[in-house]
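Read the structure below first, then the notes.
The values are calculated or read from the model by the stated rules, or taken from the named source; none is laboratory data. A quick note: this is a predicted structure, and the numbers were derived from the prediction, not measured. Every residue, glycine among them, receives a Cβ derived from its backbone with ideal geometry; neighbour counts consider all protein chains shown.
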């Protein structure tokens, strides 16, 4: 038997049939760390490099890497003045999702991260309300690691699509040639247990389908469509040869967020993170922010526990630099997580600077920058199809935030300035002043 390290974020279901027969994808997520393939079949050995390269959720794909950073480019980056604090949660109004979406028991954090970032960036780019692209659409149709049609044209059962995760960069890259519709057209509520893709005959995208009861969304004249601009997917990473540059990468991430919108990132979840998160839930009211406390890792991470989230801003509190993040565990979904610059190196968890497994000794160096995992990806929203770019935040685009009930995914509204009231008050004050002067 040959050992094949396969973190749970990979998707054995997307394998060719001759390999798939040897695997048991009914294993729980934490049991998928190491699977065994028999040595008896040479075709399996030939397929492994192609199938498993860059299939973990956080693995850096060289396709999305920029060239190593030159000293001149780094100098230019360091000259850019950035704000001390940035929060799309606070300034985005109804353009930015408030985090009510919940992946529940479905292992599709990657799709939530990509879909919600895409919606945010559409709203920012075209000045529209948060359009809420469909996560279920991306999970069911998006590939090549998960969905109704895999990279090997091998059908994946709908009941298995929540088990084995996916790759944010892969999902974003798929969207450069495909599209997803709105949450209103294909709601996440169609998921029953682990089943994502309903059985029907209405085709969409790469052969995926939606429930016949929702087929009005297949009409191009009625359905908004969301895609990623071709060749725009990038790994936001500054590096020199095989070494990531922490400070420069953090600056590049901040620049990306402030100029184009929230970004997708992958963290390797510290052992105490979920307990920390859950400890604040009972005390929260109707607020999008979980707590003003900053999560600071206390324990090293392992490769088997990866999770995709969204970075929406940054700041500094009580001397600790943090990222403002949006999760996919329901409302409240925003929180503050410490930047790698403010924690010990052995506690890095991939939120901004990618990390190595196992960590390097002081006298070692990585063989390639693509050996690192985690970090940030970004992309540009594609063309505006099915939404009126002239409506702005004051209009009512199809499936905008105003079309959802508060208990679903309605976006928090930034209070609008009442200019009429201000004018009336100003007139009253002027009249009173004139009355006082001429008496």
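Here are a few things to note about the model shown:
- Test for residue 335: is it touching a helix residue (DSSP H, G or I) at 6+ places or on another chain (Cβ under 6 Å) and either assigned by TED's automatic domain parsing to the domain that holds residue 172 or touching a residue at least 24 places away in the same chain (Cβ under 8 Å) (or both): no
- Screening the range 309-331 for residues that are part of a loop (DSSP other than H, G, I, E, B) and more than 20 Å from residue 261 (Cα to Cα) and picking the one that is modelled with the lowest pLDDT gives 331.
- Residue among 115, 150, 134 that is touching a helix residue (DSSP H, G or I) at 6+ places or on another chain (Cβ under 8 Å) and at pLDDT 90 or above: 115
- Among (1) within 18 Å of residue 228 (Cβ to Cβ); (2) under 15 Å from the mean Cα position of the chain (by Cα), the one test that residue 101 misses: (1)
- Qualifying residue in the range 237-245 (condition: within 24 Å of residue 96 (Cα to Cα), in a loop (DSSP other than H, G, I, E, B) and assigned by TED's automatic domain parsing to the domain that holds residue 78): no
Matching residues to (1) modelled with pLDDT of 70 or more; (2) more than 20 Å from residue 304 (Cβ to Cβ):
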{"residue": "343", "(1), (2)": "yes, yes"}
{"residue": "347", "(1), (2)": "yes, no"}
{"residue": "350", "(1), (2)": "yes, no"}
{"residue": "356", "(1), (2)": "yes, no"}
{"residue": "361", "(1), (2)": "no, yes"}
{"residue": "373", "(1), (2)": "yes, no"}
{"residue": "381", "(1), (2)": "yes, yes"}
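- Residue within the range 418-429 that is touching a strand residue (DSSP E or B) at 6+ places or on another chain (Cβ under 6 Å) and at pLDDT 75 or above present: no
- Any hit, the range 245-267, residues being modelled with pLDDT under 90, more than 18 Å from the chain's Cα centre (by Cα) and surrounded by fewer than 16 Cβ atoms within 10 Å (Cβ to Cβ): no
- Take the conditions (1) more than 23 Å from residue 348 (Cα to Cα); (2) touching a helix residue (DSSP H, G or I) at 6+ places or on another chain (Cβ under 6 Å); residue 93 misses just one of them, which is (2).
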